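So the structure is just underneath, and the comments pick up after that.
The values are calculated or read from the model by the stated rules, or taken from the named source; none is laboratory data. A quick note: this is a predicted structure, and the numbers were derived from the prediction, not measured. Cβ atoms come from the backbone with ideal geometry, glycine included; neighbour counts cover every protein chain shown. Ligands, DNA and RNA are excluded from the accessible area calculation, which covers all protein heavy atoms including side chains. Shrake-Rupley method; radii C 1.70, N 1.55, O 1.52, S 1.80 Å.
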Amino acid sequence: PRFSQIKHLIIDEAQDYTFFHYQIIKEMFPAATLTILGDPNQAIHPRQYRSSFAEIQKIFAAQNPIRFTLHKSYRSTREITGFTLQLLAGTAVIETDYINRPGPKPQVVQVTGRHRLALALAEKIRALTTEGFTSLAVITKTAREAQSLQKELNKLIPIQLITKEEKTLPNSPLIIPSYLAKGLEFDVVLIADCSREVYGQGEELALFYTVCTRALHRLFLYYTGEPTPFLAKVDPELYTSTIYPE
């Protein structure tokens, strides 16, 4: 179908669409001008070919597109933004500057034993709730991991599982898979497991970067065994390291 009555189209998360998608959009909305927004560093489909912004410009060349690159991040604290930017070392970085809003450094927590992971997360969530944080998310890589971990955590603390059927988010602790967390923001984010076996492939860097950048004020990263190799990109001075239990 063609929607000639549509005069303007806004496309968000542009990095998750392929060249083929944009060709279809061009055919479906022949009379529309477009605003296309995205961050190439936040692609959540690591094995899917993504159109570059240069390729997108060529598709819509007849409309004389203008490209703007934004260089300042307003989302997270200075410490979280500095940490996440170093994850991208050696790649094309879009957000090269950030507002000077200070906060605690991200905390990387080694958990000695997979069976202790839920307990470590529950204790931290209790402490953060006592501090007054209500916008708090535990982020897993997959929906299956979210379901499994939620069952474990619910034995210790109340926490709501977010699925694709949810229409609203609770103002209380929640657990959510990475692909649903994209585009959302939380005061506190706990990465449930950043072990090498979970985030160990090079093409998963953008996904890992994306989940870390969901945090506005506090970021905690938990792992068992070996940590993701992506942490080797980050200056150890930019985060604190602890072991659970101490």
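Before moving on, here are some points about what is shown:
- Within the assembled protein chains, the solvent-accessible surface assigned to HIS115 is about 140 Å², based on a 1.4 Å probe.
- Top of PHE220, PHE29, PHE230 by mean-square fluctuation, Gaussian network on the chain, Cα under 10 Å: PHE29
- Length added when fully stretched, ARG126-ILE243, from 0.36 nm per residue minus Cα-Cα: 40.3 nm
- Label-point gap, in nm, between SER4 and ILE59 - each point 7 angstrom along Cα→Cβ: 2.2 nm
- Sequence-distant contacts, meaning Cα pairs under 8 Å at least 6 residues apart, place the relative contact order of segment 1-41 at 61 percent.
- Size descriptor, Kirkwood hydrodynamic radius, that averages inverse alpha-carbon separations across segment 168-246, Å: 13.6 Å
- Computed P(r) (all Cα pairs; the chain; 10 Å bins; percent): 7, 29, 32, 20, 9, 3, 0
- Annotation: lysines with alpha-carbon distance below 19 angstrom to LYS26 (same-chain offsets under eight excluded): LYS7, LYS58.
- With 5 Å bins from 0: P(r) over segment 69-215, alpha-carbon pairs, percent: 2, 9, 18, 22, 21, 15, 9, 3, 1, 0
- The chain: most fluctuating residue of ILE139, ILE162, ILE80 per GNM, C-alpha cutoff 10 Å: ILE162
- Candidate aspartates and glutamates for bridging to LYS155, where Cα separation is under 17 Å - those fewer than 8 sequence places away on the same chain excluded: GLU123, GLU145
- Cβ-placed point charges (K, R +1; D, E -1), dipole of the chain about Cα centre in debye, nearest 20: 400 debye
- Taking all protein chains together, ARG75, ARG196, ARG214 sort by accessible area into ARG196, ARG75, ARG214, largest first [probe 1.4 Å].
- Axial C-alpha extent at least 27 Å, average Kyte-Doolittle at least 1.6 - helices from the chain (DSSP): none
- Alpha-carbon Debye profile of segment 132-216, log10 I(q)/I(0) at 0.15, 0.18, 0.20 Å⁻¹: -0.50, -0.73, -0.90
- Estimated [θ] at 222 nm from DSSP helical runs (n ≥ 4, -39500 (n - 2.57)) normalised by residues in the chain, nearest 500: -7500 deg cm²/dmol
- Most fluctuating residue given options THR18, THR140, THR130, as computed from a GNM of the chain linking Cα atoms under 10 Å: THR130
- For segment 95-195, a simple Cβ point-charge model (Lys and Arg +1, Asp and Glu -1, everything else neutral) yields a dipole of about 340 debye relative to the Cα centre.
- The three principal axes of the Cα atoms in segment 160-203 give end-to-end lengths of 33, 20, 17 Å, sorted in falling order.
- Here the accessible area of the chain is 55 percent carbon and sulfur, with a 1.4 angstrom probe and all protein chains present.
- Since only THR140, ILE11, PRO236 are under comparison, the one whose Cα sits farthest along the positive direction of the charge dipole of the chain, derived from C-beta charges on Lys, Arg, Asp and Glu, is ILE11.
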